[in-house]
1. With respect to Ser39, determine if the residue is assigned to a loop (DSSP other than H, G, I, E, B) and either over 22 Å from Tyr81 (Cβ atoms) or modelled with pLDDT of 95 or more (or both).
2. Tally time: how many residues in segment 47-72 are over 16 Å from Gln20 (Cα atoms) and part of a loop (DSSP other than H, G, I, E, B)?
3. For segment 73-89, give me the residue count where each residue is outside any helix (DSSP H, G or I) and surrounded by 10 or more Cβ atoms within 10 Å (Cβ to Cβ).
4. Which pairs turn up if I take residues in segment 48-59 that are farther than 17 Å from Tyr81 by Cα and touching a residue at least 40 places away in the same chain (Cβ under 8 Å) and look for partners that are open to solvent by 10 Å² or more (accessible area, probe 1.4 Å) and among the hydrophobic types (A, V, I, L, M, F, W, C) with beta carbon separation below 8 Å, at least 6 apart in sequence or on another chain?
5. Limited to segment 90-123, what total is found for residues that are open to solvent by less than 40 Å² (accessible area, probe 1.4 Å) and among the hydroxyl-bearing types (Ser, Thr, Tyr)?
6. Run down Val37, Val54 and say which single residue is surrounded by 19 or more Cβ atoms within 10 Å (Cβ to Cβ), under 22 Å from Leu101 (Cβ atoms) and of a type in the set (A, V, I, L, M).
7. If you take the residues of segment 17-34 that are open to solvent by 60 Å² or more (accessible area, probe 1.4 Å) and touching a residue at least 40 places away in the same chain (Cβ under 8 Å), which of them is farthest from Met1 (Cα to Cα)?
Amino acid sequence: MERLLDPSIPDQDFVVLLNQAIHLLYTSANVAERNAVQSVLTQFQEAPESWVRVDKVLDSPVASQPSKFFALQVLGEMVKYRWRTLSRSTAESVRNYVVNLVIKISSSDESLVNEKMYLSKLNLVL
C-alpha cells in the first residue's frame, strides 16, 4: 500500500491501488492491516501535492464511490488549508473543474438521483 505515496506511479495504477486500500480499510478483519492502510491514507492525505491526483480519481471509470469520496476529502482539505498558496490560474482551474463536474452530474435526472451524495460533497468543496 505504500506505493500510494509514490508520485511517479501512473495514474491508472494509483486509482487501482487506492480502490484496494479503501476496500481493505472497510472490509479487512485484520486490525493491524486496517491500521496500516489508514496510516498510508493519512500520509497521502497530508502530503502537500496529493490533491493533484484528485481529478484522475474522479474521472476514472474504475474508481469506486468510496475512492471518489476520499479524493473529494483530499481536495476539500486542500481548499480549506492551502487554497491561498495556489497560483491564481491553478485555483481557477481547480474551481472550473469542480464546477464542470457538478454541471455534468446535474445534467440528467438519473445521475442526479444516483449521484446525490457525491454531488453534495462536490458542492461542499465549492
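The values are calculated or read from the model by the stated rules, or taken from the named source; none is laboratory data. Given the structure is predicted, the values throughout are model-derived calculations rather than measurements. When we count neighbours, we look across all protein chains shown, and the Cβ atoms used for this are built from the backbone with ideal geometry, even at glycine. Ligands, DNA and RNA are stripped out before the accessible areas are found, and what is left, the full protein with its side chains, is counted by its heavy atoms. Shrake-Rupley method; radii C 1.70, N 1.55, O 1.52, S 1.80 Å.
1. Values: assigned to a loop (DSSP other than H, G, I, E, B): no; either over 22 Å from Tyr81 (Cβ atoms) or modelled with pLDDT of 95 or more (or both): yes.
Criteria not met by Ser39.
2. 3
3. Here is the first cut: in segment 73-89, the residues outside any helix (DSSP H, G or I) are 86-87.
Pick out the ones that are also surrounded by 10 or more Cβ atoms within 10 Å (Cβ to Cβ) and you get 86.
So the count comes out to 1.
4. Close Cβ pairs (under 8 Å, with a partner that is open to solvent by 10 Å² or more (accessible area, probe 1.4 Å) and among the hydrophobic types (A, V, I, L, M, F, W, C)) amount to Val57/Ala63; Val57/Phe70; Leu58/Leu101.
5. So the first thing to find is which residues in segment 90-123 are open to solvent by less than 40 Å² (accessible area, probe 1.4 Å), and the list is 91, 94, 98, 101-102, 105, 111, 118-119, 122.
Cutting the leftovers down to among the hydroxyl-bearing types (Ser, Thr, Tyr) gives us 111, 118.
Number of matching residues: 2.
6. Criteria check complete, one pass: Val54.
7. The initial filter retains those residues of segment 17-34 that are open to solvent by 60 Å² or more (accessible area, probe 1.4 Å), namely 20, 23, 26-27, 29-34.
Now drop any that are not touching a residue at least 40 places away in the same chain (Cβ under 8 Å), which leaves 23, 26.
Details: His23: 12, Tyr26: 15 Å.
Looking at residues that are open to solvent by 60 Å² or more (accessible area, probe 1.4 Å) and touching a residue at least 40 places away in the same chain (Cβ under 8 Å), I get Tyr26.
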